[in-house]
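This report refers to the structure that appears directly beneath it.
The values are calculated or read from the model by the stated rules, or taken from the named source; none is laboratory data. Remember, predicted model here, so these are calculated numbers, not experimental data. Neighbour counts run over all protein chains shown; Cβ positions are idealised from the backbone, glycine included.
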Amino acid sequence: MPKANITFDDIGKTVSVPAGTRVIEVSERIGAGILYGCREGDCGTCMMQVLEGRDNLTEPSVLEEKVLRENMANGHDRLACQAQIIGDCRIRPA
Amino acid sequence: MAAADAMTDAARHREAVAIAPGVHWIGALDPALRTFDIILRTEQGTTYNAYLVRGRDGVAVIDTVKAEFAEEFFARLESVADYGEIRAIVLNHLEPDHSGALPELLRRAPQATLYISARAPAILNGLLKSVVPRPKPPLVTVKTGDSLSLGERKLRFLLTPFVHWPDTQCTYLADEGVLFCGDLFGCHLCDGRLFDDRIGEFWPAIDYYYAHIMRPFAHQVREALAEILPLEPRVLAPTHGPILRERPRRYLEHYQALARRPANGPPRLAIFYISAYGNTAQMAEAIAAGAGEADGVQVSTHDIETGETAAFLDLIEGADAVAFGSPTINGDAVKPVWDLLSSLATIDVKGKRAGAFGSYGWSGEAIWLIEERLRGLKMQLPVPGLRIKLIPSTEEIAACHAFGRQLADSLVGGPGSARTLDLAEIG
């Protein structure tokens, strides 16, 4: 299975994960500082800033786009509960 | 202070109270409140602090009050401004105790622009969606560094997310050094004298508020303090409790101490247990002995039955790993264990290593149930829970040793080192 590395900038840890893993699944287990609310892409609590490898996350869904818009996200922000890792990236809480 | 003097305060009238030139408190007093947000005891009531800042080009209202206190808020507002003068409404935090009077304020001042943090629109939507007719105020979302001019003076915004909601921010009036700081530095204390230097001692109220509202967000409090300290504010104007103007730096320093990151030192493993017949206690001892063999890990054991929850929470907050031991009685962990586990939501335990163990007579469900709770708290469980039927044998004591050693090793050799981890390792 293809693997990818995700680095959590706030805690300085890098994890190798199977491609397709959602960021939330890793950040919760490694103890990164992203906070979560609904976990369903609705509340926007888990907004994160993508520092590197924006194209290495799956494209946002229509729902995620809407929530990002409502939360005035900028182009580097994504929801950790929605974004799936498909290549190396580096993130931090927004 | 004499009783008569104590009554010469905001409780006796419904007028605004000046806190600096062109700056007024227009909040409300709630002396009868005894429970706040279900989780806090408020034996001294509370205040809902809102403020008004007047500049040459208009007036800004900063925060409002709980809906039931809107009348008092509007009376105070009307004592210093006309609704037509209000150019801006700033909401530092949209929780209903500060936004309850917003729909009516928007109706009375429809020309006012609303200034909220970039994380607040979704919350605003939730608050206004049931209001008929639905207000659609002009809206500006702000980030750190943005400002709002009132003519000769400016309000500057600082985003301070998660102290204690996603939307929280502070607003700074530089010319008078007044920081409107939302719930930061607040407390539940209703005293119409309003100012710290007139009220006297209330540190316990500040500590209690911090422990229940801010403590799970200690990391975010540290980030907020890093933004606030360089401003050297002369007045801290929170949304609950006294306005802090007598040596305000001591409140900032007090918060620094409360939110301090546990001191760097050897990794710590704290083992908590409760035991009916001494078997789970024996397991705890063996786990501690095994963990003690790992290089440089500091291990401590604590009997839940005789300890204090508050002290345990301090220990857990400072520990890198924790283990909980409980017998199984009627298919469950025992109540003192659940009492401690349910208290963990008030501190930040996310990402700490954890494990569960216990001796049982019939079935041993307690261990699985504790593990589920630990996972729910986003703790990492590097070692599967250890269940032993009744009295541990020599082999089973060895298994306890190994359990302790593995848990301790996860602190010094496993996740936590700088190497790239595999997802499968962080369980």
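Only strands (runs of 3 or more DSSP E) wholly contained in region B:1-104 count here; list those with 1 or more residues that are surrounded by fewer than 18 Cβ atoms within 10 Å (Cβ to Cβ) and assigned by TED's automatic domain parsing to the domain that holds residue B:236. Steps first, please.
Working: elements: B:17-20, B:23-25, B:28-30, B:46-48, B:51-55, B:58-62, B:86-90.
Here the list reads B:17-20.
So, of the residues in region A:68-88 that are part of a loop (DSSP other than H, G, I, E, B) and of a type in the set (S, T, N, Q), which turns out to be farthest from the other protein chains (Cβ to nearest Cβ)?
First, pick out the residues of region A:68-88 that are part of a loop (DSSP other than H, G, I, E, B): A:71-76, A:80-83, A:86-88.
Going one step further and asking which of them are of a type in the set (S, T, N, Q), we end up with A:71, A:74, A:82.
Values: A:71: 6, A:74: 9, A:82: 15 Å.
If we take residues in region A:68-88 being part of a loop (DSSP other than H, G, I, E, B) and of a type in the set (S, T, N, Q), then A:82 is farthest from the other protein chains (Cβ to nearest Cβ).
So that you can scan it fast, the table gives a plain yes or no per residue for (1) more than 8 Å from chain B (Cβ to nearest Cβ); (2) at pLDDT 95 or above; (3) in a loop (DSSP other than H, G, I, E, B); (4) within 23 Å of residue B:163 (Cβ to Cβ):
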{"position": "A:1", "(1), (2), (3), (4)": "yes, no, yes, no"}
{"position": "A:15", "(1), (2), (3), (4)": "no, no, no, no"}
{"position": "A:29", "(1), (2), (3), (4)": "no, no, no, no"}
{"position": "A:33", "(1), (2), (3), (4)": "no, no, yes, yes"}
{"position": "A:39", "(1), (2), (3), (4)": "yes, no, yes, yes"}
{"position": "A:43", "(1), (2), (3), (4)": "no, no, yes, yes"}
{"position": "A:66", "(1), (2), (3), (4)": "yes, no, no, no"}
{"position": "A:90", "(1), (2), (3), (4)": "yes, yes, no, no"}
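Tell me, please, whether a residue that is under 19 Å from residue B:20 (Cα atoms) and either among the hydroxyl-bearing types (Ser, Thr, Tyr) or touching a Pro at 6+ places or on another chain (Cβ under 7 Å) (or both) can be found in region B:263-285. No, that holds for no residue.
Out of A:52, A:59, one residue alone is of a type in the set (Asp, Glu), in contact with a strand residue (DSSP E or B) (Cβ under 9 Å, 6 or more places away or on another chain) and loosely packed, with under 14 Cβ neighbours inside 10 Å. It is A:52.
Screening residue B:32 against (1) at pLDDT below 95; (2) over 20 Å from residue B:214 (Cα atoms); (3) under 20 Å from the mean Cα position of the chain (by Cα) leaves a single unmet condition, (3). Within the option set B:355, B:351, B:292, being surrounded by fewer than 19 Cβ atoms within 10 Å (Cβ to Cβ) and either of a type outside the set (Val, Ile, Thr) or in contact with a His (Cβ under 9 Å, 6 or more places away or on another chain) (or both) holds for one residue only, B:292. Taking region B:358-392 as the range and being surrounded by fewer than 18 Cβ atoms within 10 Å (Cβ to Cβ) and not in a loop (DSSP other than H, G, I, E, B) as the test, the residues that pass are B:365, B:368, B:372, B:375, B:376, B:389.
Within region B:70-89, can you find the residues that are touching a helix residue (DSSP H, G or I) at 6+ places or on another chain (Cβ under 9 Å) and either within 16 Å of residue B:18 (Cβ to Cβ) or among the β-branched types (Val, Ile, Thr) (or both)?
To start, the set of residues in region B:70-89 that are touching a helix residue (DSSP H, G or I) at 6+ places or on another chain (Cβ under 9 Å) comprises B:70, B:73-74, B:76-77, B:83, B:86, B:89.
Selection gives B:76, B:77, B:86, B:89.
Among the residues of region B:194-235, what is the count of those that are under 20 Å from residue B:143 (Cα atoms) and aliphatic (A, V, I, L, M)? The qualifying residues number 7.
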